[in-house]
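Undergrad: Before I ask anything, let me first share the structure, which is written out below as structure tokens.
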Amino acid sequence: MNITADAVKQLRERTGAGMMECKKALVETQGDLDAAAELMRKQGLAKADKKAARIAAEGTIVIARSADGHTAAMVEVNCETDFVARASDFKAFSQAVAAQALTARPASLEALLALPLDSGETIDERRRALVAKIGEKLSVRRFAVLTSAGQVSAYVHGTSTRIGALVAVEGGDATLAHDVAMHVAASNPRYLSMAEVPAEVVAKEREILAEQARGEGKPPEIVAKMVEGRLRKTLGEITLTGQAFVKDPDQSVEKLLRNAKASVKAFERFEVGAGIDKKQDDFVAEVMAQVKSFDPSDKK
């Protein structure tokens, strides 16, 4: 059957797929554009499922904010390579996901993936179509939405957009809120304040510090004082309000907020790929394995 160049062009515009894939689909569907687009969509879903087990630890952090500044959404969207993370299709998809998270404020990641985009596809359907087009595993890994009666400030680090932070602040001004968001991105606090550190975490830290102090040969009453002093220092290092402010290490974030008559109600920090076990390729071992498997009798 003769497939015209115009038909291939129309299908490429609809699907974003390669020319040869479009021509093949048109041949299989007798030139029916709608049927070809549906076929390619099904094929794309299959390709996406095959790539699901691969590791996607690159990607981007995208933040969308409401016009009134009271709400913001942050998403992490992953891919396999930094090259794809910089591609326009990937960036546009990531921005659309963040916009939908802001608008709908879904209760779960599954609910976010089921939201429709302007194209009529759900987020997950669009993700799968991009997998077929790009040839890499793509995933929407996580999202967060913060709302404040005051303001929600956002910070994305550098042009690489690999670290993002949201901070819900009441009181103070926009500059203060931005500075605290930047601090969160830079210092990676685990908790908001000492009061929010789980009891089991405190107990474990106290146990470790007590063992260290006993190893120094100090009397029990001195050990107890040493442990509590060191515990306060340790907890301060992992809490936002206890940390030294990055722009002025001589004061804590708690003091900075108190002086501005402000408070932080919540924060979120995402870093691309954090916690994902990345495959470490051993190039030397790979070459040696190929050398060992070489059979001289195969040489032509």
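The values are calculated or read from the model by the stated rules, or taken from the named source; none is laboratory data. Note that the structure is a prediction, hence the values are computed from the model and not measured. Cβ coordinates were reconstructed from backbone atoms using ideal geometry, including for glycine residues, and neighbour counts include every protein chain displayed. What goes into the accessible areas is simple: the full protein's heavy atoms, side chains included, and nothing from ligands, DNA or RNA. Shrake-Rupley method; radii C 1.70, N 1.55, O 1.52, S 1.80 Å.
Undergrad: Across segment 80-95, what is the total count of residues that are open to solvent by less than 60 Å² (accessible area, probe 1.4 Å), assigned to a helix (DSSP H, G or I) and not aliphatic (A, V, I, L, M)?
TA: The first filter runs over segment 80-95 and keeps only residues open to solvent by less than 60 Å² (accessible area, probe 1.4 Å), leaving 80-81, 84-85, 87, 89-90, 92-94.
Still in the running and assigned to a helix (DSSP H, G or I): 84-85, 89-90, 92-94.
Remaining after also requiring not aliphatic (A, V, I, L, M): 89-90, 93-94.
Residues flagged as open to solvent by less than 60 Å² (accessible area, probe 1.4 Å), assigned to a helix (DSSP H, G or I) and not aliphatic (A, V, I, L, M) within segment 80-95 amount to 4.
Undergrad: Next up: With respect to Leu138, is the statement that it is closer than 22 Å to Gly59 by Cα and open to solvent by less than 60 Å² (accessible area, probe 1.4 Å) true?
TA: Values: closer than 22 Å to Gly59 by Cα: yes; open to solvent by less than 60 Å² (accessible area, probe 1.4 Å): yes.
It is true that Leu138 is closer than 22 Å to Gly59 by Cα and open to solvent by less than 60 Å² (accessible area, probe 1.4 Å).
Undergrad: Answer yes or no: is there a residue in segment 96-114 that is in contact (Cβ under 8 Å) with a residue 12 or more places away in the chain, on the phi > 0 side of the Ramachandran plot and assigned to a loop (DSSP other than H, G, I, E, B).
TA: yes
Undergrad: Determine whether Ala154 is crowded, with 21+ Cβ neighbours inside 10 Å and part of a strand (DSSP E or B). Let's see the steps before the verdict.
TA: Details: crowded, with 21+ Cβ neighbours inside 10 Å: yes; part of a strand (DSSP E or B): yes.
Yes, satisfied.
Undergrad: Looking at Leu256, Leu209, Leu231, can you tell me which residue is in contact (Cβ under 8 Å) with a residue 40 or more places away in the chain, open to solvent by less than 40 Å² (accessible area, probe 1.4 Å) and part of a helix (DSSP H, G or I)? Give the derivation first.
TA: Working: Leu209 fails: in contact (Cβ under 8 Å) with a residue 40 or more places away in the chain; Leu231 fails: in contact (Cβ under 8 Å) with a residue 40 or more places away in the chain.
After ruling out the rest, the residue left standing is Leu256.
Undergrad: From the list Val62, Val8, pick out the single residue that is modelled with pLDDT under 95 and either open to solvent by less than 100 Å² (accessible area, probe 1.4 Å) or closer than 24 Å to Ala181 by Cα (or both). So that I can check it myself, show each step before the final result.
TA: Numbers: Val62 fails: modelled with pLDDT under 95.
Criteria check complete, one pass: Val8.
Undergrad: Right, something else. Check off (1) farther than 13 Å from Ser139 by Cα; (2) open to solvent by 10 Å² or more (accessible area, probe 1.4 Å); (3) modelled with pLDDT of 95 or more; (4) aliphatic (A, V, I, L, M) for Met74 and give me the number that stays unchecked.
TA: (2)
Undergrad: Out of Ala144, Ala85, Ala165, Ala98, I need the residue that is among the hydrophobic types (A, V, I, L, M, F, W, C) and either touching a Gly at 6+ places or on another chain (Cβ under 7 Å) or more than 21 Å from Ala57 (Cβ to Cβ) (or both). Which one? Lay out the reasoning, then the answer.
TA: Working: Ala144 fails: either touching a Gly at 6+ places or on another chain (Cβ under 7 Å) or more than 21 Å from Ala57 (Cβ to Cβ) (or both); Ala165 fails: either touching a Gly at 6+ places or on another chain (Cβ under 7 Å) or more than 21 Å from Ala57 (Cβ to Cβ) (or both); Ala98 fails: either touching a Gly at 6+ places or on another chain (Cβ under 7 Å) or more than 21 Å from Ala57 (Cβ to Cβ) (or both).
Every option except Ala85 fails the conditions.
This table checks each residue for (1) open to solvent by 90 Å² or more (accessible area, probe 1.4 Å); (2) without any contact (Cβ under 8 Å) to a residue 24 or more places away in the chain.
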residue: Asp179; (1), (2): no, no
residue: His183; (1), (2): no, no
residue: Ser187; (1), (2): no, no
residue: Arg214; (1), (2): yes, yes
residue: Gly217; (1), (2): no, yes
residue: Ala224; (1), (2): no, yes
residue: Ile238; (1), (2): no, no
residue: Ser252; (1), (2): no, yes
residue: Phe267; (1), (2): no, no
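Undergrad: Considering only segment 193-206, state which residues are without any contact (Cβ under 8 Å) to a residue 24 or more places away in the chain and open to solvent by 50 Å² or more (accessible area, probe 1.4 Å). Give the derivation first.
TA: Applying the first criterion (without any contact (Cβ under 8 Å) to a residue 24 or more places away in the chain) to segment 193-206 yields 195, 198-201, 203-204.
Those that are without any contact (Cβ under 8 Å) to a residue 24 or more places away in the chain and open to solvent by 50 Å² or more (accessible area, probe 1.4 Å): Ala195, Ala199, Glu200, Ala203, Lys204.
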